[in-house]
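The values are calculated or read from the model by the stated rules, or taken from the named source; none is laboratory data. Bear in mind the structure is a predicted one, so any value in this text is a computation, not a measurement. Here Cβ is always computed from backbone atoms with ideal geometry, including for glycine, and neighbour counts include all displayed protein chains.
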Amino acid sequence: MAKSAFVAIAGRPSAGKSTLVNALCGGKVSIVSPVPQTTRNAVRGIVNRPEGQLVLLDTPGFHLSEKRLNRMLKDIAVDAFADADIVLYLIDASREPGPEEEALAAALASVSARLIAAANKVDAKDADAGRARAFVASHFPEAPFFEISALKREGLESLLAALFVRAEEGPAWYPAEYYTDQEPVFRIAEIIREKVMLHTREELPHAVYVRYEESRREADGGLEASYDLVVERDSQKGILIGKAGSMIKRIREEAEADLADIFDYPVRLRLKVAVDPDWRRDEKRLKDLLF
Ligand SMILES: Nc1nc2c(ncn2[C@@H]2O[C@H](COP(=O)(O)OP(=O)(O)OP(=O)(O)O)[C@@H](O)[C@H]2O)c(=O)[nH]1
Ligand SMILES: [Mg+2]
């Protein structure tokens with residue numbers, strides 16, 4: 001009988017959760033950038049192996065902040081930990097564990113019996129896997145512990161084997177050829193947002209959301225899809241457009257190139273910049289965007 005389990009990935013912002021989900025699922029499930037708080041939703045990736053199926057839940061980074069957006073992101077993560085069969089706690093070996101890591105460990109205390117831990121980024125110059133191991137051992141002495149590099153795809157097979165050991169017998173929830181369950185409209189918006197995160201600085205990456213407008217099939221089977229890059233203030237529009245439209249063009253071209261790898265039909269994007277004043281303070285808007 002095959003096994004199956006829901007596995008929530010827990011970790012601070014930038015620990016490498018989305019990189020790991022992509023590496024394990026064998027496709028681009030979740031967007032990645034060096035900017036903390038890149039992931040804003042509980043994004044599902046699917047691992048299909050002869051042993052069975054794991055549904056991985058990528059979560060927003062656990063960040064201590066009283067801002068409304070950050071609080072809501074934290075709630076999404078904590079809900080995912082509570083519901084999962086297994087929690088995979090990812091600790092960044094290249095960073096010192098501080099108060100935020102302590103707060104995350106405290107939030108994970110109630111799921112310690114179903115926790116597996118891994119130190120990520122052991123490839124990094126400043127990595128200290130021993131420090132990460134000691135931190136995990138002090139909070140979760142019973143938890144299996146692995147050292148991995150999600151980026152270099154090292155140590156992943158042993159980690160995956162441990163996840164399947166913990167998984168119980170059960171049915172697959174998705175067809176074996178799926179590596180994610182996301183709708184195309186959302187995936188496209190996320191790929192566009194990734195390019196915004198990669199090419200903007202300071203507050204702007206956090207001040208943008210990507211809004212689907214419309215799409216239509218073209219004669220050659222391609223999809224023409226319109227999205228708005230939504231900022232908080234008029235003054236932010238210019239940066240996203242760039243000199244003579246250079247920034248929005250770059251975002252579009254890089255997103256289209258990624259989308260060519262994901263979909264088996266061409267996706268042509270029409271991007272505009274729009275303003276939704278102070279959207280990050282709008283409870284209703286946040287509820288629509290964060291799930
Ligand atoms: N050196 C190294 N860098 C890594 C590794 N895994 C991820 N990174 C880098 O760390 C940064 C953050 O990676 P993400 O996968 O977006 O991290 P995340 O935990 O999903 O971040 P949030 O969504 O913001 O919570 C990116 O620049 C990655 O390339 C790793 O194993 N080694
Ligand atoms: Mg992420």
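Which of (1) in contact with a strand residue (DSSP E or B) (Cβ under 8 Å, 6 or more places away or on another chain); (2) under 30 Å from residue 172 (Cα atoms); (3) charged (D, E, K, R) is the odd one out, the single condition residue 101 does not satisfy? Condition (2) is where residue 101 drops out. Annotation: residue 146 fulfils all but one of (1) more than 16 Å from ligand 1 (Cβ to nearest atom); (2) assigned by TED's automatic domain parsing to the domain that holds residue 12; (3) of a type in the set (Phe, Trp, Tyr); (4) not in a helix (DSSP H, G or I); the unmet one is (1).
If I filter segment 103-123 down to residues being assigned to a strand (DSSP E or B) and not small (Gly, Ala, Ser), which single residue comes out as nearest to the chain's Cα centre (by Cα)?
The qualifying residue nearest to the chain's Cα centre (by Cα) is 120.
Within this structure, residue 122 fails the test of being more than 16 Å from ligand 1 (Cβ to nearest atom) and either surrounded by 19 or more Cβ atoms within 10 Å (Cβ to Cβ) or more than 15 Å from residue 94 (Cα to Cα) (or both).
The C-beta contact set for segment 14-41 (first residue on the phi > 0 side of the Ramachandran plot, second residue near ligand 2 (Cβ under 10 Å from one of its atoms) and assigned to a loop (DSSP other than H, G, I, E, B), distance under 7 angstrom, 6+ apart or interchain) comprises 14/36; 14/61; 37/13; 37/60; 37/61. Per this entry, residue 238 is not counted among residues that are in a loop (DSSP other than H, G, I, E, B) and among the small types (Gly, Ala, Ser).
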